There are 2 protein chains.
Amino acid sequence: MDVITLAHGSGGKLTHQLIDGIFQQYFDNEILGQKNDSALLPEVNGKIAVTTDSFVINPIFFNGGDIGKISVCGTVNDLAMSGAKPLYLTVGFIIEEGLAIEDLRKIVKSIAKTAKEAGVKIVTGDTKVVEQGNADKIYINTTGIGVVTRDIYIGGEMAEPGDKVIINGTLGDHGASIMAQRGDLDFDFSTESDCCLLNNLIEDILNTSNNVKVLRDPTRGGLATTLNEIASQSQVAIELEEEQIPIKAEVRSLCEILGVDPLYLANEGKVIVIVSEEDVEKVLEVMRKNPMGEDAQIIGTIVDSNDSNVYLKTGLGGTRILNMLAGELLPRIC
Amino acid sequence: MDVITLAHGSGGKLTHQLIDGIFQQYFDNEILGQKNDSALLPEVNGKIAVTTDSFVINPIFFNGGDIGKISVCGTVNDLAMSGAKPLYLTVGFIIEEGLAIEDLRKIVKSIAKTAKEAGVKIVTGDTKVVEQGNADKIYINTTGIGVVTRDIYIGGEMAEPGDKVIINGTLGDHGASIMAQRGDLDFDFSTESDCCLLNNLIEDILNTSNNVKVLRDPTRGGLATTLNEIASQSQVAIELEEEQIPIKAEVRSLCEILGVDPLYLANEGKVIVIVSEEDVEKVLEVMRKNPMGEDAQIIGTIVDSNDSNVYLKTGLGGTRILNMLAGELLPRIC
């Protein structure tokens, strides 16, 4: 079996073989083909949005995706959350010596396929190889560049009392799926990671309403942690209706068995939409027409309060506070 | 001793403590302070240059720098090599559980200091933590964004017969210094890494001549490998005069003892300048006036040949071909 060796990271012959034989082949575009120290992009007319993320997920191939797909989705989605149109990606690989070249090829193909779906170009990259035992197979950094063409501002500090909170589908699928694959469960668990591109869904939302205040993806730390961030940035409280929060029965069962709260599980294909009450129904309608928003639900309301808490109103009429994630539920979820 | 735990990468409370307590404190600027999924940058007027690099250097603190300094210098220099003015950086950390928080703080301070010197802002970042044994202390990705304001094009494919090759100083200092620190030598070795910012030097060069064809930093693979890349891109051969190539006596001695060729050692503060013959003297003069170019030398000439070879003319009148680095001299040099 052909494997990655330290020499593939030397900058010499084998590095060039990797670039020409794998990266150029799948990522092919005229900008990447420049082969200089920097990639030169065409002029961008409008404000530029930038985001960066490193992906260290374990396992690298999982039910519903792989580290290549999640590396593109995560960064493209972060650009979309700012109301930006994703344009370009950079890709940096840190590879553990001994990775099968076929595994690298699969990952690179997955990156290329997802980037094509998202309409973004891979414009430059970097490859480092570390000795066996100094990484776990492969880590990927992607940095995304997008352009804000709309005359709107979306941000975590924009939520106002009365605004509604929508989620585009079931919570915890990614975290539960990864947990099930890592654990040694004695039952079948079929829920796939929700890892997907959200830029089209967000485009639909922004075409429908000028009153979208916040868009954010509840990844690490889950819905509960992300809403805490927003409550704190906007200096408001958030009230959630537990019965409205969509969670798959299988995910709920797994969480009960393992004693974890699905509201803290990571999602990789979900977006929290905070929108003015007047526009909430039309936004919900357009979301449900998009394949990535079929199960969208209104799950809560922004309320006037300086405590910046997130309250969960339970079906039994009680209320409890959802804090930010304190420890670590599951490392290397993305 | 306070150390990084997996919970620092959870996206929850400890992640936010790290962001507020360390990253915001040292990287402070209005763009980073937005705290949204993407950073929004002001409009950039001109072509945009983008480059990405991951840094996995071992040791993380070395004679002449640290992984923070090299992470900024490497990416800023790559932007400058394209004739771009560096503007913004993203920073992605992959941290091994157990890293001392004081070490992280030192690295972050070093990033902040170097970024300030380079005139670039850290606009967004990301932190992942992996279990002990799945990284080696800390890896850093930086992605740089710059703007090309000059109406010139600089690239590896632009070298033409008759052009001259200049180097801004002694070769192999970085590689030799790292090699000496990793090895178990029974003698003192005092040469520091040449890790430094080159954007001011390049600014001086571009202010002096409109006939600069290629700028490239001979990092991994050293001078020999980088010149092979250029020869191949430009479809020319390159003749080097061995006696003109500046190498410190101490570096030369270490290389002799270890049996390595200094022309393949990595540099982190060197630039290869390929310029038309008519402008070579004035470029050399302005380079020597800059602290980063005091030891600049004309080391070779571009010659017309389809073989794309790099020839080294030795002091004894012989000539040998310098190939691209074949194996791996020293892993994790940057």
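The values are calculated or read from the model by the stated rules, or taken from the named source; none is laboratory data. Computed from a predicted model, the values in this text were never measured in an experiment. Glycine gets a Cβ as well: all are built from the backbone with ideal geometry, and neighbour counts include every protein chain shown. Accessible surface areas use protein heavy atoms only, side chains included; no ligands, DNA or RNA. Shrake-Rupley method; radii C 1.70, N 1.55, O 1.52, S 1.80 Å.
Tabulated results
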{"item": "Cβ-Cβ under 8 Å pairs, at least 6 apart or on other chains, segment B:193-220 side among the β-branched types (Val, Ile, Thr), far side in a helix (DSSP H, G or I) and open to solvent by 30 Å² or more (accessible area, probe 1.4 Å)", "result": "B:ILE205/B:VAL286; B:THR208/B:LYS282; B:THR208/B:VAL286"}
{"item": "Boolean, B:LEU197 is among the aliphatic types (A, V, I, L, M), within 18 Å of the chain's Cα centre (by Cα) and open to solvent by 20 Å² or more (accessible area, probe 1.4 Å)", "result": "yes"}
{"item": "Residues located in segment A:1-15, provided they are more than 7 Å from every other protein chain (Cβ to nearest Cβ) and open to solvent by 20 Å² or more (accessible area, probe 1.4 Å)", "result": "A:MET1, A:ASP2, A:VAL3, A:THR5, A:LEU14"}
{"item": "Strands (runs of 3 or more DSSP E) within segment A:35-145 that include 2 or more residues under 20 Å from B:GLU43 (Cα atoms)", "result": "A:39-41, A:47-55, A:85-96"}
{"item": "Residue in segment B:74-97 that is modelled with pLDDT of 95 or more, touching a Cys at 6+ places or on another chain (Cβ under 6 Å) and away from chain A (no Cβ under 11 Å) present", "result": "no"}
{"item": "Filter result (assigned to a helix (DSSP H, G or I) and of a type outside the set (Lys, Arg)) within segment A:179-200", "result": "A:MET179, A:ALA180, A:GLN181, A:ASN199, A:ASN200"}
{"item": "Residues that are open to solvent by 30 Å² or more (accessible area, probe 1.4 Å), under 10 Å from B:ILE238 (Cα atoms) and either within 14 Å of another protein chain (Cβ to nearest Cβ) or in a strand (DSSP E or B) (or both), drawn from segment B:307-320", "result": "B:TYR311"}
{"item": "All positions within segment A:20-44 that are free of Cβ contacts under 8 Å to residues at least 60 places away in the same chain and among the aliphatic types (A, V, I, L, M)", "result": "A:LEU40"}
{"item": "Residue that is within 12 Å of chain A (Cβ to nearest Cβ) and either buried (at least 19 other Cβ atoms within 10 Å of the Cβ) or free of Cβ contacts under 8 Å to residues at least 40 places away in the same chain (or both), where the choices are B:GLY169, B:GLY133", "result": "B:GLY133"}
{"item": "Residue under evaluation B:SER54, criteria (1) among the polar types (S, T, N, Q); (2) more than 8 Å from chain A (Cβ to nearest Cβ); (3) open to solvent by less than 30 Å² (accessible area, probe 1.4 Å), criterion not met", "result": "(2)"}
